[in-house]
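First comes the structure, then the notes that go with it.
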Amino acid sequence: MEVNQVIAKRNERRRQHYAANREQVLERNRQYYEANREQMLERKRQRYTTNREQELEYKRQFRAANREKMLDRSRRENAHLRTVVLAHYGESCACCGTTERLSIDHVNGDGKQHREELFGGVAMYRWLVRNAFPEGFQTLCMPCNRSKGTGESCRLTHAEMAA
Ligand SMILES: [Zn+2]
Ligand SMILES: [Zn+2]
């Protein structure tokens, strides 16, 4: 049938045209999507990177500021505790008289020496203040305290003090 053949041919051309167009359209869409996707991903990446860097920088600055503040506060607290404790137990070594490298000695430390060492420094100052400066403690410098150890007294000669 001639009419059917014409229709068939036209349909075939249409189909081909559509197929070709569809391919073009799909290709254009694909390219557009690709280009856009890249841009979008890049924008996302930049935004993420910028935000992340800003956030990290902010956090870093905040930590630094806070760390300084906290260190400063604890330094002042410790210095204050130390001043208060030394004002009570003596501002110089009970043995050699130096005012350098002072520490608090448990006079009859005996078996508790190890514990006292662990308990030294700021924790000890705090404990002494909290317990209203109990008896049995004295100010000793580090060398005298170390020399005394668990013994009766310091075994250093302190020739320079006598001079
Ligand atoms: Zn001393
Ligand atoms: Zn001494």
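Given the options 21, 125, 33, identify the residue whose Cα lies farthest towards the positive end of the charge dipole of the chain (+1 on Cβ of Lys, Arg; -1 on Cβ of Asp, Glu).
21
As an exercise, use a Förster radius of 35 Å and the Cβ-Cβ distance of residue 70 and residue 99 to find the FRET efficiency, rounded to the nearest 0.05.
Computed FRET efficiency for residue 70 and residue 99: 0.75.
How far is it, in nm, from the label point at residue 83 to the one at residue 133 when both lie 7 Å from their Cα along the line to the Cβ?
1.5
Enumerate the calculated ³J(HN,Hα) couplings along region 93-101 in order (Karplus 6.51 cos²θ - 1.76 cosθ + 1.60, θ = phi - 60°), each rounded to whole Hz, writing x wherever the residue is Gly or Pro.
With coefficients 6.51, -1.76 and 1.60, one gets 4, 5, 9, 10, x, 5, 10, 8, 6 Hz.
Kindly put 72, 105 in sequence by how many other C-beta atoms sit within 10 Å of each C-beta, fewest to most.
Taking fewest neighbouring Cβ atoms as first place, the list is 72, 105.
On C-alpha positions alone, give me the angle between the axis of helix 2-89 and the longest principal axis of the chain, in degrees, nearest 10.
Approximately 10 degrees, to the nearest 10.
Once fully extended, how much extra length lies between residue 51 and residue 25, figured as 0.36 nm per residue of separation less the alpha-carbon to alpha-carbon distance?
5.6 nm
For the chain, calculate the relative contact order in percent as a whole number, restricting contacts to Cα pairs under 8 Å that are 6 or more residues apart.
Dividing the mean separation by the residue count of the chain yields 21 percent.
Apply the Karplus parameterisation 6.51 cos²θ - 1.76 cosθ + 1.60, with θ equal to phi minus 60°, to every residue of region 130-138 and state each ³J(HN,Hα) to the nearest whole Hz, in sequence, with x for glycine and proline.
4, 9, 6, 6, x, 5, x, 10, 8
What value, in deg cm²/dmol to 500, does the helix sum -39500 (n - 2.57) over DSSP H runs of n ≥ 4 give at 222 nm once divided by the residues of the chain?
-24500 deg cm²/dmol
Read-outs throughout are calculated quantities, based only on the coordinates presented, and are distinct from any laboratory measurement. Since we're looking at a predicted model, the values are computed, not measured. As a convention, Cβ positions derive from the backbone with ideal geometry for all residues, glycine included, and neighbour counts pool all protein chains shown.
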